[in-house]
1. Determine the shape class of segment 121-275: with a ≥ b ≥ c the square roots of the Cα gyration tensor eigenvalues, call it rounded for a/c under 1.5, and otherwise prolate if a/b is greater than b/c, oblate otherwise.
2. Once both axes come from the Cα atoms, what is the angle between helix 40-49 and the longest principal axis of the chain, in degrees from 0 to 90, rounded to 10?
3. If you place +1 on the Cβ of every Lys and Arg and -1 on the Cβ of every Asp and Glu, how big does the dipole about the Cα centre of segment 242-336 come out, in debye to the nearest 20?
4. Please order ARG85, ARG145, ARG257 by the number of other Cβ within 10 Å, starting at the fewest.
5. Kindly identify segment 8-97 as rounded, prolate or oblate by the Cα gyration tensor criterion: order the square roots of the eigenvalues as a ≥ b ≥ c, call it rounded if a/c is under 1.5, otherwise compare a/b with b/c, prolate if a/b is larger, else oblate.
6. For segment 8-97, give the magnitude of the charge dipole about the Cα centre (Cβ charges: +1 Lys/Arg, -1 Asp/Glu; no others), in debye to the nearest 20.
7. Give me the percent relative contact order of the chain, please, defined on Cα pairs under 8 angstrom at least 6 residues apart.
8. What is the sum of charges, Lys and Arg at +1 and Asp and Glu at -1, for the other residues whose Cβ falls under 14 Å from the Cβ of ALA329?
Amino acid sequence: MSEHGGPRAAIIGAGLMGRWHAHAVRRLGGRVTVIVDPNDAAREALGRRHPEARLAAELDPPLVARHANAAHVCTPLSTHAAVVRGVVEAGLHALVEKPFAENAETTADLLALADTRGVIVCPVHQFVFQDGVQRIVDWMPKLGRICRVDFSTCTAGATGEDRASLDELVAEILPHPLALVSSLLDAPLVAKRWHVVYPTPGELRTVTTIGDAVVTVAISAHGRPTENVLRVVGTAGSATADLFHGFAVRHSAVVSRQAKIAQPWVTAGLTLGGASLNLARRALKREPAYPGLRELMGHFYSATRGERLTPISSASIADVACARDRILAELRAVPD
């Protein structure tokens, strides 16, 4: 805690996500006290928004630890291991953009180090903390036996059309659906066999079963329009979450000719109502983007103060990392 009563945060990486992390810190009543980025323009631009912050081109963990109590790691994935290791060894808690690390082995090493140092580390799986996903968690006992959990995203996030860039994009998105499935079904993922369909770079579909539920994850760098959707189907109804906007709607289990005829209008009405209420709620919260991030961050900082458990357990972090490794290994094994 700072003398101002809120968290003191170091933003490591002043790009797009670093800016949103800094914005969320301020909305939580905290201060950005350190900004680290080798890019002069990015570092100074974020510094103008947070004039109290000390600016640095290179990470000096002991120096950062003197001015902050947590580090937000928003750097490229290839740097995560070194950055997280440095800040953890300096005694800082760390909130790390996904994927947490490049592979499960490195993830396990960093989790063990954090445990030894007595600090909290957490990946940014913000979808789990969205209002819409939390509503689905509350609804699930009323949905009956869960038959399907489907995640689908069409993203415009590719930086290039070459195979390496497209495969990297898929690999970086993958922790999001895995974290959602782990949270919703409360079941380990690592032991599951994932059937992978990989027709072309930037297109992935993977399928497994957990209990009675068929779980599908579809990631597309080419499909349009963009979307980010979670659907949970049960024997007594279903629910759909719009993960871009952070809201969910619940669908009735009624089966009749009249219900079938009315279904397009009912679905449209539920979606319009849910979207409108969600827009109003986010406007009041002044949350223009990344719904769920602030909730996750608030939970994270409460955990650093000993007020609640860590938002994502070490076991879940490791499980998602292992499942991601297994799926990527299956993907790489698909013949060209």
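1. prolate
2. Taking the Cα atoms of the chain, the angle to 40-49 is about 80 degrees.
3. Rounded to the nearest 20 debye, it is 420 debye.
4. Listing ARG85, ARG145, ARG257 from fewest to most nearby Cβ atoms yields ARG257, ARG145, ARG85.
5. Rounded.
6. The dipole of segment 8-97 has a size of about 400 debye.
7. That works out to 18 percent.
8. Values: positive: LYS192, ARG193, ARG324, ARG326, ARG332; negative: GLU102, GLU105, ASP167, ASP325, GLU330.
Value of the local net charge: 0.
No value in this document is a laboratory result; all are computed from the given coordinates. All of these numbers come straight from a predicted model, not from anything done at the bench. Note that we place each Cβ from the backbone using ideal geometry, even for glycine, and neighbour counts take in every protein chain shown.
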